[in-house]
1. Nearest 10 degrees, 0 to 90: what angle lies between the long axis of helix 3-17 and the longest principal axis of the chain (Cα atoms)?
2. Please compute the Kirkwood hydrodynamic radius over the chain, one decimal place, Å, based on all pairs of different Cα atoms.
3. Leaving out same-chain residues fewer than 8 places away, which lysines sit with a Cα under 22 Å from that of residue 38?
4. If you line up the long axis of helix 48-77 against the longest principal axis of the chain, both from Cα atoms, how many degrees apart are they, to the nearest 10?
5. Got a sec? Which residues in the range 1-25 would a label at residue 35 touch, if it sits 7 Å along Cα→Cβ and we count backbone N under 16 Å?
6. Using a 1.4 Å probe on the protein heavy atoms, what percent of the accessible area of the chain belongs to carbon and sulfur?
7. Given axes a ≥ b ≥ c from the Cα gyration tensor, I'd like to know whether the range 1-43 is rounded (a/c under 1.5), prolate (a/b larger than b/c) or oblate.
8. Please compute the modelled spin-label separation between residue 12 and residue 48, points set 7 Å along Cα→Cβ, answer in nm with one decimal.
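The values are calculated or read from the model by the stated rules, or taken from the named source; none is laboratory data. Because the structure is a prediction, the values reported are computed rather than measured. So basically every Cβ, Gly included, is an ideal-geometry build from the backbone, and we count neighbours across all protein chains shown. The area values use the complete protein model at the heavy-atom level, side chains included, leaving out ligands, DNA and RNA. Shrake-Rupley method; radii C 1.70, N 1.55, O 1.52, S 1.80 Å.
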Amino acid sequence: MTATKTLRALLQELRYASPNGCIKNSLAARYLLAQYKKYSTTDLQLCKARDEALFLGQTYLTYLGSLRKYNELHKEYHGRGERSVKETADLVGFKLPTDPK
């Protein structure tokens, strides 16, 4: 993944994590953009710090994505006490048999 794609994905994950979806005044977004500008190099330059920064950005991206997915799963399957048989069947994707009368 290139540095630009990593930056865009990180900013998208920050939008997901933001309570109002706006990261215009976010300190984290400012920091990411400052680091991206700091480690931007041309194709003719070799910079180990840029590779390390890209790896760190990908690591943060993985962390933020995993945290968001965990919270979604936790919200979906978190125990809310006793569930009815129908709710449990709907949760796992089964259909209950109907009694024809």
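1. Around 40 degrees separate the two axes.
2. Numbers: mean 1/r = 0.0586 Å⁻¹.
One over the average 1/r among Cα pairs gives 17.1 Å for the chain.
3. Hits, sequence-local ones excluded: 5, 24, 48.
4. 10 degrees
5. 2-15
6. Numbers: 5110 of 8820 Å².
Looking at the chain in its full context, I get 58 percent from C and S.
7. Numbers: a/c = 4.14, a/b = 1.80, b/c = 2.30.
In terms of gyration-tensor shape, oblate.
8. 3.3 nm
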